[in-house]
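Let me begin by presenting the structure, written as structure tokens, before commenting on it.
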Amino acid sequence: MRTSAAGSRLAWLIPPPSIIWILAMALLAALVYVSRDFVLLLFLSATLAYLLNPIVKVAESALIKRDAVVTVLYLAIGAAIVGGGYFLYPRLSAEIETLTVSLPSFGERLDEAIDAVQNEVGAQHPAANRFFMSREIRYQRLNAFFEQQAKDIPALVGQLAAMILASVLIPFFSYFFLRDGRNTLQSFLDRFPAHYIETSVAIWREIDRIVGHYLRGLALEGLALGVSAAVGLWLLGVNYPLLLGALSGAASVVPYLGPIVGGGSAVLVALIQFKSVAPIAKVVVLYLALKFLDIFAIQPLAVGGEKELHPMLLIASIIVGGHALGIIGMIIAVPAVTIVQRVGRLLYERRRDHDPSVFPRSNTGVQIPPFVC
Amino acid sequence: MDPRQLYRVQLLAKVPLFSGLSQRQLGKLLIKLFERNYQAGETIFVQGEAGKALFIVLSGQVSIFRNNDETEEHFATLSAGSYFGELALIDDEPRFASARADEPTGLLMLYKSDFDDLIEGHKAIAIKVMNNLLRTLAGYIRRAQSHASNRNTLVTGVISAKTKAG
């Protein structure tokens, strides 16, 4: 009796479950933030495993052992990278070497190119001259801009080293995710309360379908755009078509800003290379055509033409992603927030469909026959 | 060849719902299935809950029953190769009965969302499964009609006997 009385007196010290949940979530968020680099590495590895899983499943449907499939797949990818590198490396390294050599004089060359284009436009349309900046002011501004960028180079080099390390670790981790993922899931399912398994796995399957469809669509979209941009730039005779194509493809995962980054880089290269309006216009037309191709053909086929994020949410997610995880954070922020938004919408719709007291169901008008012959 | 997967494909081949599917098609179906092991006495689903998946008995034994007030009405005991909960592939209406593992049991689950994927991606498989499912449902309906008809005949007979007697 005495113990129970003391217990009831101390009961107010125990917080309600909702507070415990909030504290636990806050603790988890803090842990994720502290170890964000490692979490990011795991996230990217899991994403790669997720993208490769359908290939493994196709082989599994032919009753081939998962271990063997995953090992052969990674050997094949390794061979493809080595083979592709063998053919592409000389060209790519030549592009990088040329770019590195010409980088210190980049500001001067850009200034010369802008000057040449201004002269060309000014000669044809004298009225346009009043919109152009004087050469001195432009030169000062360009110099100030490049001096500022030069200060960021050590940080960029540090990020580059981290990216090279990540490019080794991500395939390494994803190999184990892909190989052991099914057994881990199986052992988790066996420990999950039996009574809730049917509904919980059903929700998880729907989430998995949405996330898988979106990620694979995004990867396909990036690949299609990257290849199209590289081929288009090569046909136009623009320098560094492979680098610019790769940049355009990778940037396409960020809606609105991606095409500006990809197209802007190509226009910049074309400006310095040709110092004339016509080739720049061709590059702009190429990127506009790619954008139309993306909207009307690639997106509907790959991603399914579903709605993108609200522009304000998009900008906010890029800023937060960039602040938390740097360049990679900016790239993955939009897909991550889109996935969260879609999963949230799915859970909301499920709740709405299963809670007639909150959202009354409309009568579908379907008549169930009294018997079927 | 993976012996574990081969065993599952051979078992699926014996399930009436998947009859007519080739080994290749069964392999494609198998990768859509989830596996879950149940302890003896564990509940698989409860009557009145929304159905989400079809269950196939891989090993062990399952009881299908319905609780009516205080009593438990037993419908069937299922062993390896049997299936239950097939209506979940059509809609997510509440289950009519409950299912419980009588002994340590392994089950394969086909979720409606995965079956919908099959309808989109592998029409030939989905059409065969749908065809088998329709046959099963037609069997249920015929049995129910025959049962109702017998009862009506019996009731009519009793009424006419009573009328004659009266």
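The values are calculated or read from the model by the stated rules, or taken from the named source; none is laboratory data. Predicted, not measured: the structure shown is a model, and the values here were computed from it. So basically every Cβ, Gly included, is an ideal-geometry build from the backbone, and we count neighbours across all protein chains shown. Only protein heavy atoms, including side chains, enter the accessible area calculation; ligands, DNA and RNA are left aside. Shrake-Rupley method; radii C 1.70, N 1.55, O 1.52, S 1.80 Å.
Applying the condition of being under 19 Å from the mean Cα position of the chain (by Cα) and among the acidic types (Asp, Glu) to the range B:104-138 and asking which residue is nearest to the other protein chains (Cβ to nearest Cβ) yields B:Asp114. With the condition kept exactly as written, say whether any residue in the range A:94-111 is more than 22 Å from A:Ser265 (Cβ to Cβ) and open to solvent by 80 Å² or more (accessible area, probe 1.4 Å). No: zero hits. When B:Arg4 is tested against (1) in contact (Cβ under 8 Å) with a residue 60 or more places away in the chain; (2) at the interface with another protein chain (Cβ under 9 Å from one of its Cβ atoms); (3) loosely packed, with under 13 Cβ neighbours inside 10 Å, exactly one condition is not met: (1). Tally time: how many residues in the range B:44-65 are open to solvent by 20 Å² or more (accessible area, probe 1.4 Å), within 8 Å of chain A (Cβ to nearest Cβ) and assigned to a strand (DSSP E or B)? Result for the range B:44-65: 1.
Contact map, the range A:47-65: first residue facing another protein chain (nearest Cβ under 10 Å), second residue open to solvent by less than 20 Å² (accessible area, probe 1.4 Å) and of a type in the set (Asp, Glu), Cβ cut-off under 9 Å, separation 6 or more or different chains; pairs are A:Glu60/B:Asp2; A:Leu63/B:Asp2; A:Ile64/B:Asp2; A:Lys65/B:Asp2.
Mind listing just one residue for me: the one in the range B:10-30 that is of a type in the set (A, V, I, L, M, F, W, C) and out of contact with any helix residue (DSSP H, G or I) (no Cβ under 8 Å at 6 or more places or on another chain) and, of those, farthest from the other protein chains (Cβ to nearest Cβ)? Among those residues, the one meeting the criterion is B:Val15.
Of the residues that make up the range A:189-199, is at least one open to solvent by 40 Å² or more (accessible area, probe 1.4 Å) and in contact with a strand residue (DSSP E or B) (Cβ under 6 Å, 6 or more places away or on another chain)? Checking the range A:189-199: at least one residue is open to solvent by 40 Å² or more (accessible area, probe 1.4 Å) and in contact with a strand residue (DSSP E or B) (Cβ under 6 Å, 6 or more places away or on another chain).
Evaluation of B:Glu72 against the conditions (1) at pLDDT below 90; (2) assigned to a loop (DSSP other than H, G, I, E, B) shows that the sole unmet condition is (2). Here A:Ala224 passes the criteria (1) touching a residue at least 40 places away in the same chain (Cβ under 8 Å); (2) more than 21 Å from A:Phe296 (Cα to Cα); (3) among the aliphatic types (A, V, I, L, M) except the one numbered (2).
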